[in-house]
Amino acid sequence: MDSQPAHGPVHGPVDPDVTPDDVRTSEADHALVRDRLDVLGVIAAGGALGAAARFAAGELWQPASDGVPWTTLGINVIGSCLLGLLMFYVTDVWPPRRYVRPFLGVGVLGGFTTFSTYALETRRLLSQGQAGVALAYLVGTLVLALGAVVAGALLGRALTRTRRVGP
């Protein structure tokens, strides 16, 4: 690959499988981003709030001495449940709003949950020779998080059903 590809100078590591044609952008691409800067802003603001909440949860709920990353597991399961609840309301109850899903779903809950840390902690457990714990954590988090999404949606349905009074 050239040190000065057609789309501009290279400023960092380059994947050898990526060619300049893979990253060319058109005016339409730039317009698409420009037209959605407000949405990117609410995602960023929500992400900052979610990440701050995750940090606070990590400070309040210190890791256990048994090596199991209970804090991350709890954060991911709680966040998944809230995401299921939110998606139920966004898709089935509330009228469409431009910023609700990006702010709360992508931003706040995306910043709160931490599946990248889940992957790193699984790797850490493996490197420490705790293969059984790593496997249980890997599968357990996945099953619990998916179950929590479903539980959140069902909770939303139940809460909505109890509010409707009359015929």
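Each value in this text was obtained by applying a stated rule to the coordinates, not by laboratory testing. Small disclaimer: the values here were computed from a predicted structure and weren't measured. Here Cβ is always computed from backbone atoms with ideal geometry, including for glycine, and neighbour counts include all displayed protein chains.
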Completion exercise
Options (1) 1.06; (2) 1.09; (3) 0.97 are given for Rg/Rh (Cα atoms, Kirkwood Rh), and the computed one is (2)
Exercise for the section: Taking H placed 1.01 Å from N in the peptide plane, check which residues at least 5 places from THR114 or on another chain put their amide H under 5 Å from its amide H. Expected result: ASN76
Problem - Mean separation of Cα contacts under 8 Å (6+ apart) over length of the chain, as relative contact order % - result: 29
Exercise for the section: Work out which helices of the chain, taken as complete DSSP H runs, extend at least 30 Å along their axis over the Cα atoms and score a mean Kyte-Doolittle of 1.0 or more, then list them. Expected result: 37-60, 131-163
Handout entry: Stretch in the chain that is longest and holds no trypsin sites (Lys or Arg not before Pro) that DSSP places in a loop and that have at most 12 other beta carbons within 10 Å
Key = 25-96
Completion exercise
Per the 1/(1 + (r/R0)^6) rule, R0 = 25 Å and r from the Cβ atoms of LEU37 and LEU142, FRET efficiency to 0.05 is 0.15
Handout entry: Potential extension, PHE55-ARG98 segment - 0.36 nm per residue separation minus Cα distance
Key = 12.7 nm
